[in-house]
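One structure below.
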Amino acid sequence: MLVKKTNEPEKREIDLTSPDGNAFFLMGTARRWMNQIDPSSTEKLLDRMKSGDYANLVAIFEISFGMLVELKMDEKLLDQVSKRIKALENTNFVTWDLEDLGFDLN
């Protein structure tokens with residue numbers, strides 16, 4: 001049996017329609033991951049996540065960690081988040097190159 005190796009990390013799924021989809025869970029996950037990536041930027045990211053409504057929080061989480069996580073959401077939220085992401089694309093919002101960091105997603 002051949003096993004294909006890839007450099008891409010396996011994505012974790014977070015169902016935003018479940019209890020794991022609440023803002024506190026997402027912010028706790030962001031804190032844990034940011035403390036592994038760049039601890040000095042953790043509070044800045046969390047402040048940015050808290051600077052708007054839930055769609056804003058999810059959009060910033062997706063921009064920051066989308067290469068690591070698959071967010072499951074309903075169509076209404078998906079539309080709102082997509083609009084926020086497009087708006088943020090025109091800013092200097094920092095994203096992280098996590099390809100070689102190798103940190104624990106749990």
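Give me the pairs, please: first residue somewhere in the range 69-93 and at negative phi and in a helix (DSSP H, G or I), second residue anywhere and buried (at least 17 other Cβ atoms within 10 Å of the Cβ) and of a type in the set (Phe, Trp, Tyr), beta-carbon distance under 8 Å, and either six or more positions apart or on two chains.
Short answer, once both residue conditions are applied: none.
Output the residues belonging to the range 42-59 that are part of a helix (DSSP H, G or I) and under 20 Å from ARG84 (Cβ atoms). Break it down stepwise before answering.
The initial filter retains those residues of the range 42-59 that are part of a helix (DSSP H, G or I), namely 42-49, 54-59.
If the condition is that a residue be part of a helix (DSSP H, G or I) and under 20 Å from ARG84 (Cβ atoms), then LYS44, LEU45, LEU46, ASP47, ARG48, MET49, TYR54, ALA55, ASN56, LEU57, VAL58, ALA59 are the ones that fit.
Residue by residue, here is whether (1) under 20 Å from THR29 (Cβ atoms); (2) modelled with pLDDT of 90 or more holds:
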residue: ALA55; (1), (2): yes, yes
residue: GLU62; (1), (2): yes, yes
residue: LEU68; (1), (2): yes, no
residue: LEU77; (1), (2): yes, yes
residue: ALA87; (1), (2): no, no
residue: THR91; (1), (2): no, no
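The values are calculated or read from the model by the stated rules, or taken from the named source; none is laboratory data. Just so it is clear, the model here is predicted, and its values are computed rather than measured. Every residue, glycine as well, gets a Cβ built from its backbone with ideal geometry; the counts of neighbours run over all protein chains shown.
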